Structure formats: structure tokens, C-alpha cells
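The values are calculated or read from the model by the stated rules, or taken from the named source; none is laboratory data. Given the structure is predicted, the values throughout are model-derived calculations rather than measurements. Cβ atoms come from the backbone with ideal geometry, glycine included; neighbour counts cover every protein chain shown.
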Ligand code: PAF
């Protein structure tokens with residue numbers, strides 16, 4: 001049986017729907033996505049459903065957050081399937097604007113969060129977070145939800161969005177959603193589809209390596225020693241490590257020596273595919 005979800009494509013229609021809910025005294029949660037919906041997104045929608053009366057999800061493959069040699073054209077798109085999955089998780093409304101609705105002719109504003117964006121993913125993807133911050137600010141202002149949920153897999157992104165909402169006084173609570181993993185530990189990501197069979201077999205080592213490092217740090221080892229072991233394990237398995245670091249969980253400031261509370265963040269290539277993951281210290285699972 002097909003689950004119903006209403007689709008709106010303009011800011012005006014989105015605002016009219018949200019205003020009607022508000023007139024009934026209902027609260028609204030938003031789950032922004034770029035589509036290619038998987039269980040990770042669906043868990044965010046379920047979480048949203050537990051926190052608000054109504055859930056609106058958005059699908060917009062945001063050209064501003066892709067670099068010139070990245071996968072904007074190839075990014076998986078399939079609105080009908082995505083809409084069904086979002087509906088089955090509990091979303092009532094799908095906002096799916098086109099690029100002209102999001103960035104009309106003459107669009108000339110960029111949102112740049114200076115702190116938190118200077119390294120980690122920015123080294124490999126210099127304009128990525130400006131693109132994310134710009135579209136997320138727009139989505140939140142277009143919809144006006146009480147709560148918006150973003151996955152912890154993109155941990156740096158989550159902190160940047162919290163900072164932008166605070167700095168710009170956007171009246172919304174930003175909530176993180178726990179990473180959803182395959183049974184072998186690989187964090188769910190739309191880009192996992194790019195992995196060859198052999199790469200897919202190797203990929204769970206990413207989580208295993210940072211989990212081991214998190215355990216070592218929780219046991220009192222210096223971050224340098226824990227990360228050195230993790231890097232060696234990843235490189236031996238064929239990963240090309242972009243970054244592998246222990247950071248302050250709130251400010252992302254670099255940590256050195258022993259630290260009982262930290263976030264380990266990693267980005268590594270398997271073949272052409274760049275995977276990211278992260279783990280709290282002490283580790284949760
Ligand atoms: O995490 C994502 O899917 C995207 O970066 C987001 C937050 C929807 C902005 O395009």
C-alpha cells in the first residue's frame with residue numbers, strides 16, 4: 001500500500017501548510033535531506049515525529065555544496081521512492097523546490113560560519129560548508145519549524161548549523177540524530193552506493209578503527225597513540241586517510257595527550273569514494 005505524503009514545491013505553499021498547522025496549535029519539526037533516502041534519514045523522521053505534531057521533510061540536491069569535480073550530477077535522485085520512504089517513516093509533507101525556487105535569478109547571498117569550518121572537511125571541500133550553511137538558513141527561514149533534526153554522521157555540519165542558528169537568532173531548536181549503521185558497523189550514507197563489492201567489504205573497518213581508538217582514549221591512552229594505531233589499520237586495509245583527529249566535542253578544537261571526553265572524526269577514501277564517520281570518547285557502542 002502506498003503511504004500518502006503531500007508534496008509542495010514553492011516557499012508560498014510550504015508556508016501556507018505550516019501556517020495551517022500552527023493555526024491548529026500544532027508544533028512542527030523539519031528533517032532536511034538531499035534525497036537518496038535510507039534508514040538513517042528515516043530514523044531522523046521517526047525521531048522528529050516523537051518531538052513534534054507534524055513533520056516536514058525536504059529534498060533538495062543543493063548545487064552550492066558540491067565542488068566542481070564532485071558528484072552533483074551523479075548524486076542519486078528518485079523522488080517517488082524517496083517520498084514513499086519519508087511518508088512511511090511518518091513525514092506528512094515533502095518540500096521539494098527546484099533550483100530556481102531556491103536560488104532565483106540574482107541570488108547573491110552566502111552564509112559563512114567562520115568558526116568550526118576552517119579545517120577537517122573544509123580541507124578537501126573548501127566551499128562545502130558555505131553551501132550547506134546558506135541552504136540550511138534558507139530552508140529554516142522558508143519553513144519556520146520549531147525543531148530541525150540533522151544526523152550526527154555529519155558531525156562538523158551539525159555543529160556549524162547549531163552555530164549559525166544561534167548567531168542569526170533563527171528561532172528553531174537544532175537536534176542531532178544518532179548515526180545509523182549497517183549490521184557490520186558501516187555508517188549509512190547515500191554515497192555507500194558508489195562502493196565496489198570489494199570496497200564495501202573493507203568499508204566497515206572505518207568504524208572499527210575509530211571505535212578502537214575511542215576505547216584506547218577512554219582507557220587513558222594519549223590521542224596521538226590511539227590515532228596512530230587507527231591510521232595504520234586503515235592504511236593497511238587500503239584506505240587513503242584524508243583526516244583522522246580527536247577534537248573537542250563542542251568546539252572542534254584540536255586535542256592532544258589524554259582526554260576523557262572527545263570526538264574522533266575521520267574522512268578516508270576507498271578508491272574514489274570518500275567516507276566520513278565519527279565516534280564519541282568514551283564510545284557509545
Ligand atoms: O546533510 C545533508 O543531507 C545536507 O548537507 C543538508 C543538511 C540537507 C543541506 O543540503
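Name the residues in the stretch 152-163 that are within 12 Å of the ligand (Cβ to nearest atom) and touching a strand residue (DSSP E or B) at 6+ places or on another chain (Cβ under 9 Å), would you? Within the stretch 152-163, 152, 153, 154, 155, 156, 157, 158, 161 meet the criteria.
Taking the listed residues 157, 212, the one that is buried (at least 19 other Cβ atoms within 10 Å of the Cβ) and in a helix (DSSP H, G or I) is 157, with no other qualifying. Reported count of residues in the stretch 193-203, each being buried (at least 17 other Cβ atoms within 10 Å of the Cβ) and closer than 30 Å to residue 148 by Cβ, is 3. Among the conditions (1) at pLDDT below 95; (2) touching a strand residue (DSSP E or B) at 6+ places or on another chain (Cβ under 7 Å); (3) under 22 Å from residue 150 (Cβ atoms), the only one that residue 284 does not satisfy is (2). Checking the stated criteria, residue 180 turns out not to satisfy the condition of being under 16 Å from residue 34 (Cα atoms) and within 17 Å of the chain's Cα centre (by Cα).
Taken over the stretch 124-137, the criterion of being more than 10 Å from the ligand (Cβ to nearest atom) and either at pLDDT 95 or above or not in a helix (DSSP H, G or I) (or both) is satisfied by 125, 126, 127, 130, 137. Of the residues making up the stretch 138-151, those that are more than 11 Å from the ligand (Cβ to nearest atom), at negative phi and not in a helix (DSSP H, G or I) are 145, 146, 147.
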